[in-house]
Structure formats: structure tokens, C-alpha cells
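Chemist: Handing you this structure, nothing more for now.
Each value in this text was obtained by applying a stated rule to the coordinates, not by laboratory testing. If you're wondering where the values come from, they're calculated on a predicted model, not measured in any experiment. Methodologically, a virtual Cβ is constructed for each residue, glycine included, from the backbone with ideal geometry; neighbour enumeration extends over all protein chains shown.
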Amino acid sequence: MILRLWRGWTDPAHSAAYEQLLTGTIAPGIVDRAVPGLRSLTVFRRHPVELDPAAGGEVLTAMTFDDLAAVTAFTGGDPRGSVVPPAARALLARFDEHSLHYEQVADFRP
């Protein structure tokens, strides 16, 4: 199994709009594509407001795939490349140009 991690950051004024776009449109749209080998897509957020009230938000998407071929099918080419629609780019202050990938070697559960 492959874990794909990607991060994006927003200015404070765009944090809520981006989160709504990601969780209401983009992520469900990815799932609806039924990409062969896509197992899950989870969205995490971190708001560093406690440290800096002027800071925006950080969003992390964690996707799991059967293998690197499934990642390549998702991206449409370069498996490292970010998949960031224009509407998301308009709300993000910056984002990872390349995703990180990890191969699962063990899984321990209580």
C-alpha cells in the first residue's frame, strides 16, 4: 500500500472557503472518479492561530493506494505531481508542488 501526502496553506481570509471547497467538492469528486486502486482519502487541518492570529490554515490530504501504478492513474502522469484544480489554487497561499509517498511496511493495531 502507498500513502500519498500533500499539503496546502491558506491565508486567514480564505481558510473556511478552501476547506469547504476541498471537503464539499474536490475530495468527493476524486472519490466519485472511482480511480482503480484508490483506497481512501482523508483530510486533516491545522490552524496555527494559537501561535499566530494572523496565520492561515494548513490542510493535509492523506490518500492510500494499492500501488504506485494507481497513484499514476490518479495524477494522469507523474505520480509525484500535485493535483490542484484552478479553484483551489485561487484560494491557496501556497502548496506542495510534489506529493510525498510512503510504502507501508507494517501495520499494528490494538
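Chemist: Apply the Karplus parameterisation 6.51 cos²θ - 1.76 cosθ + 1.60, with θ equal to phi minus 60°, to every residue of the range 62-68 and state each ³J(HN,Hα) to the nearest whole Hz, in sequence, with x for glycine and proline.
Modeler: Rounded to whole hertz, the list is 10, 10, 10, 10, 4, 7, 5.
Chemist: Quick one: Karplus J couplings for the range 32-40, per residue in order, coefficients 6.51, -1.76, 1.60, θ = phi - 60°, nearest Hz, x for Gly and Pro?
Modeler: Once θ is set to phi - 60°, the couplings for the range 32-40 become 5, 5, 6, 4, x, x, 6, 9, 7 Hz.
Chemist: Measuring from the lowest to the highest alpha carbon on each principal axis, how far does the chain reach, largest first, in angstroms?
Modeler: Rounded to whole Å, the extents work out to 40, 36, 22 Å.
Chemist: Now, a different point. In whole percent, what relative contact order does the range 2-103 give with Cα contacts below 8 Å and a gap of six or more residues?
Modeler: Relative contact order here is 45 percent.
Chemist: Which trypsin sites (Lys or Arg not before Pro) does the chain hold that lie in a coil by DSSP with at most 14 other beta carbons within 10 Å?
Modeler: Here the sparse-neighbourhood loop sites are R33.
Chemist: Net charge near L38: determine it from the other residues with C-beta under 10 Å of the C-beta of L38, scoring Lys and Arg +1 and Asp and Glu -1. Write down the numbers at each step before the final one.
Modeler: Numbers: positive: R4, R33, R39; negative: D66.
Neighbourhood net charge equals +2.
Chemist: Quick one: putting +1 on the C-beta of Lys and Arg, -1 on the C-beta of Asp and Glu, what dipole do you get for the chain around its Cα centre, in Debye to the nearest 20? Walk me through the numbers on the way to the answer.
Modeler: On the way: 10 positive and 13 negative charges, 25 e Å.
Approximately 120 debye in magnitude.
Chemist: May I pose another question? Grab the DSSP H runs of the chain that are 4 residues or longer, score each as -39,500 (n - 2.57), total them, divide by all residues and round the 222 nm result to the nearest 500 deg cm²/dmol.
Modeler: Dividing the helical sum by the residues of the chain leaves -6000 deg cm²/dmol.
Chemist: For the range 19-25, in order, what is each residue's ³J(HN,Hα) by Karplus, 6.51 cos²θ - 1.76 cosθ + 1.60 with θ = phi - 60°, in whole Hz (x at glycine and Pro)?
Modeler: Once θ is set to phi - 60°, the couplings for the range 19-25 become 4, 5, 4, 5, 7, x, 10 Hz.
Chemist: Each label point is 7 Å from the Cα along the Cα-to-Cβ direction; what then is the distance between the points at Q104 and R80, in nm?
Modeler: Here the modelled spin labels are 2.5 nm apart.
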